[in-house]
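All remarks here apply to the structure that follows.
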Amino acid sequence: MNIIYSRLFEVSVLHDYFREGIAREVRLSPTLETMELLKKGRMLLRETPSGIVVLYRAKMDLASPEVLLNPPIEFNFFIQSTNPTQFFAVTRLSKGLRTYQAGDFLAFANSPAAASSDPQNPEKIELEIWDGVRSKTFSSRIKLDPIPSKVIFQVKNSSGEKIPSGLDASGTLLPLDLELTPDDKGEVLLKIDLKGKKEGQYSLILRNESDTEDLWKRDYFLTQDNGINAAIGVLKINYISGPDHLYGPRENYALDFKRKATKWTYIIVSQNKKIDLGSAQLSIRDKGNPPDSPYATYNFQQIGDAPNADFKVNNSETVIFKSQDPIPFFENPKLNLELRRKPGNRVLFANLPNPSRSGAIKVSPGEEISEIYVFI
């Protein structure tokens, strides 16, 4: 008997930091609940050069499933990186005015109405930033300022429906609008027990006593899966009753990460004190880029005097140059940045180093800065 599998959906993980455009150091791994769902639906998950593909066991007509799953259903995949330090350093991660911070959690969810059956034009799934990941059962103390006399505690699922946060001591479901009183330290104790609920996004909300405004709100991914410890985010592929694409034409999705760009700041340090920074007239010249490079040609402006009056390194004098425009991170280094000395038009460095792909980025008002130290 022949066993036939048809493709349900395929996900590509893209990143323009890499030359081929594929996020080589990022992989998708199903959660335990999703692994059970795949098993129940006689489905297979296979890795591809650019991501994953999910297949279902089909009948002889190549379309009808042997085991029929009925929507709504959702598949959750942990997003994992083999080099998370570099990933966060070179990847632009923001949603509106919010930029990813340590402790946040990346989240992607498809839009069933925007599903694409064109592999050349996949549905680009937009980034959301959640406040973290928690177990389905946990407690937390929240301090509000100013301290209210009472608050209303609400839990909402990913559909925005209010659900009980757990059971009381007698086993009865807690109210959807649970009144809580801060303790003598002004802290509100939140207890969550959602065992038996599906893993996924849940919103925890503290509202004022009259239930007219939010005092505190967090969006968490709740799961019992220990695999979350190695994850930087989660991808949800969900199917709903309308539009119902389950077992229809193969769907194509893409996570499309974009590289970060920073202003490069070179701190030239006169370590051996053989060069008089006051008379050397140092400058940085960009001689251009190889073909098919994402780099432009950049101008560097000297910051402060030469030597700089405000900044020394190990008691050595410095000259500081900053690019006037942000420079993108890319797998291939930026070449042809020359450090020149004007008397004699001498080239001290033909290819200045690029910033570390896993180094710290300084955030100043309105700009991100990568610092590179060059010792002469």
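The values are calculated or read from the model by the stated rules, or taken from the named source; none is laboratory data. Note that the structure is predicted; figures quoted are calculated from it, not measured. Reconstructed Cβ throughout: ideal geometry from the backbone, glycine too, with neighbour counts over all protein chains shown.
Tabulated data for the structure shown
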read-out: Number of the exception - residue 262 against (1) among the hydroxyl-bearing types (Ser, Thr, Tyr); (2) in contact with a Gly (Cβ under 6 Å, 6 or more places away or on another chain); (3) closer than 30 Å to residue 321 by Cβ; value: (2)
read-out: For residue 247: the one exception among (1) assigned by TED's automatic domain parsing to the domain that holds residue 122; (2) farther than 30 Å from residue 9 by Cβ; value: (2)
read-out: Positions within segment 182-198 being assigned to a loop (DSSP other than H, G, I, E, B) and either more than 14 Å from residue 154 (Cα to Cα) or within 20 Å of the chain's Cα centre (by Cα) (or both), in sequence order; value: 182, 183, 184, 185, 186, 195, 196, 197, 198
read-out: Residues of segment 199-230 that turn out to be in a loop (DSSP other than H, G, I, E, B) and either modelled with pLDDT under 95 or farther than 27 Å from residue 9 by Cβ (or both), as a count; value: 7
read-out: Unique residue being surrounded by 20 or more Cβ atoms within 10 Å (Cβ to Cβ), modelled with pLDDT of 95 or more and closer than 30 Å to residue 345 by Cβ when the list is 267, 237, 284; value: 284
read-out: Within segment 176-231, considering residues that are hydroxyl-bearing (Ser, Thr, Tyr) and touching a residue at least 40 places away in the same chain (Cβ under 8 Å), the one nearest to residue 28 (Cα to Cα); value: 223
read-out: Residue in segment 316-327 that is modelled with pLDDT of 90 or more, assigned to a strand (DSSP E or B), polar (S, T, N, Q) and in contact with a helix residue (DSSP H, G or I) (Cβ under 9 Å, 6 or more places away or on another chain) present; value: yes
read-out: The lone exception for residue 328 - which of (1) in contact (Cβ under 8 Å) with a residue 60 or more places away in the chain; (2) surrounded by 17 or more Cβ atoms within 10 Å (Cβ to Cβ); (3) under 17 Å from residue 350 (Cβ atoms) it fails; value: (3)
read-out: Flag for residue 12 being more than 15 Å from the chain's Cα centre (by Cα) and under 30 Å from residue 361 (Cβ atoms); value: yes
read-out: First in segment 68-84 and small (Gly, Ala, Ser), second anywhere and buried (at least 17 other Cβ atoms within 10 Å of the Cβ), Cβ under 8 Å, 6 or more apart; value: 81/26; 81/87; 81/232
read-out: Residues being surrounded by fewer than 17 Cβ atoms within 10 Å (Cβ to Cβ) and within 23 Å of residue 89 (Cβ to Cβ) - total across segment 337-356; value: 3
